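Each remark here refers to the structure printed beneath this line.
Values quoted throughout were computed directly from the atomic coordinates according to the rules given, and no laboratory measurement underlies them. Bear in mind the structure is a predicted one, so any value in this text is a computation, not a measurement. So basically every Cβ, Gly included, is an ideal-geometry build from the backbone, and we count neighbours across all protein chains shown.
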Amino acid sequence: MKAILIANPKGGSGKTTLSTNIAGYLASRGQHVAVLDLDRQKSATLWLAQRPGELPVIWPLQNGEGKRAEAADWLVIDSPAGLHGKNLEHALKLVHRVVVPIAPSLYDIQASYDFLQALGEMKAARKGRVQIGVVGMRMAPRTRAAVTLEQFLRQLDMPVLAYLREAQLYVNAAFEGKSIFDLPSYQAEHDVAQWATLLGWLEAGTD
Ligand SMILES: Nc1ncnc2c1ncn2[C@@H]1O[C@H](COP(=O)(O)OP(=O)(O)OP(=O)(O)O)[C@@H](O)[C@H]1O
Ligand SMILES: [Mg+2]
């Protein structure tokens with residue numbers, strides 16, 4: 001079983017959007033996917049509850065049920081804002097990849113930098129067991145936010161795996177329990193293309 005944690009200290013950075021779309025992508029590839037929702041707001045669980053029965057199944061897991069994911073090919077963990085300390089270390093034990101979505105503001109970039117630095121110093125990351133990558137959320141390349149983010153990340157040696165533009169497509173898909181990968185390509189093609197490097201990184205070495 002391969003497992004991914006989506007985490008960021010800031011609220012509203014795009015964790016649930018990223019988690020649900022990663023889960024939707026993997027399910028669309030015929031993988032057995034479970035989503036573990038660590039957030040008391042239960043947004044990922046709500047998304048799953050809206051999901052139409054004819055779409056590829058994604059299995060919902062609640063806090064404490066992580067062990068039940070062993071039968072799955074993939075476990076995607078959505079986490080609450082501010083996950084840190086022991087809870088973060090516990091979640092890290094379950095995964096081999098961490099994806100950190102960052103919203104386009106100086107405050108988000110600064111707080112995320114501090115988080116990434118702390119994450120990089122944790123044992124799982126230091127030993128190379130867990131790899132960490134960043135996604136510029138609601139961000140376009142070469143904007144001020146993107147350039148600033150890259151300046152910060154240069155000090156950490158962590159890659160920006162994608163810039164995902166702000167698009168109503170994500171908002172509308174979420175209302176229906178869908179990911180952008182569940183939409184017809186004439187609607188989603190442009191946004192799906194922005195995921196290529198991120199998806200390659202998630203799947204690298206997992207065959
Ligand atoms: N690329 C995008 N385009 C448009 N809207 C987006 C995009 N990414 C996220 N959003 C919107 O931004 C808001 C916050 O996103 P999301 O709920 O995924 O963040 P979160 O980090 O899970 O928040 P919380 O910390 O509250 O759990 C949501 O309304 C979501 O629809
Ligand atoms: Mg969320």
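Residues in segment 1-13 that are within 12 Å of ligand 2 (Cβ to nearest atom) and surrounded by fewer than 24 Cβ atoms within 10 Å (Cβ to Cβ): how many? Counting residues in segment 1-13 that are within 12 Å of ligand 2 (Cβ to nearest atom) and surrounded by fewer than 24 Cβ atoms within 10 Å (Cβ to Cβ) gives 3. All of (1) in contact with a Phe, Trp or Tyr (Cβ under 9 Å, 6 or more places away or on another chain); (2) within 26 Å of residue 50 (Cβ to Cβ); (3) β-branched (Val, Ile, Thr) hold for residue 109 with one exception: (2).
A quick yes/no check of all residues on (1) within 10 Å of ligand 1 (Cβ to nearest atom); (2) part of a strand (DSSP E or B); (3) among the hydrophobic types (A, V, I, L, M, F, W, C):
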| residue | (1), (2), (3) |
| --- | --- |
| 4 | no, yes, yes |
| 19 | yes, no, no |
| 39 | yes, no, no |
| 45 | no, no, no |
| 48 | no, no, yes |
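Considering segment 98-115, the residues that are closer than 27 Å to residue 171 by Cα and away from ligand 2 (no atom under 16 Å from the Cβ) include one that is surrounded by the fewest Cβ atoms within 10 Å (Cβ to Cβ), namely 107. Restricted to segment 50-81, and to residues there that are among the aliphatic types (A, V, I, L, M) and within 14 Å of ligand 1 (Cβ to nearest atom), the residue that is farthest from the chain's Cα centre (by Cα) is 81.
Only one of the numbered conditions (1) exposed (fewer than 15 other Cβ atoms within 10 Å of the Cβ); (2) under 19 Å from residue 5 (Cα atoms); (3) within 17 Å of the chain's Cα centre (by Cα) is violated by residue 171, and that is (2).
Conditions (1) of a type outside the set (Phe, Trp, Tyr); (2) within 16 Å of ligand 2 (Cβ to nearest atom), marked per residue:
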residue	(1), (2)
148	yes, no
152	no, no
157	yes, no
165	yes, no
171	yes, yes
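For segment 56-79, the count of residues that are among the small types (Gly, Ala, Ser), in contact with a helix residue (DSSP H, G or I) (Cβ under 6 Å, 6 or more places away or on another chain), away from ligand 2 (no atom under 16 Å from the Cβ) and not in a strand (DSSP E or B) is at least one. Kindly establish whether residue 133 is exposed (fewer than 14 other Cβ atoms within 10 Å of the Cβ) and closer than 22 Å to residue 83 by Cα. Spelling it out, it is not the case that residue 133 is exposed (fewer than 14 other Cβ atoms within 10 Å of the Cβ) and closer than 22 Å to residue 83 by Cα.
When restricted to residues that are within 17 Å of the chain's Cα centre (by Cα) and over 19 Å from residue 31 (Cβ atoms), segment 99-110 contains 7.
Quick check on segment 89-109. Is at least one of its residues touching a residue at least 40 places away in the same chain (Cβ under 8 Å), out of contact with any Lys or Arg (no Cβ under 8 Å at 6 or more places or on another chain) and in a loop (DSSP other than H, G, I, E, B)? Yes - at least one qualifying residue is present in segment 89-109. Inspect segment 22-30 for any residue being on the phi > 0 side of the Ramachandran plot, part of a loop (DSSP other than H, G, I, E, B) and free of Cβ contacts under 8 Å to residues at least 40 places away in the same chain and give the result as yes or no. Yes, some residue in segment 22-30 is on the phi > 0 side of the Ramachandran plot, part of a loop (DSSP other than H, G, I, E, B) and free of Cβ contacts under 8 Å to residues at least 40 places away in the same chain.
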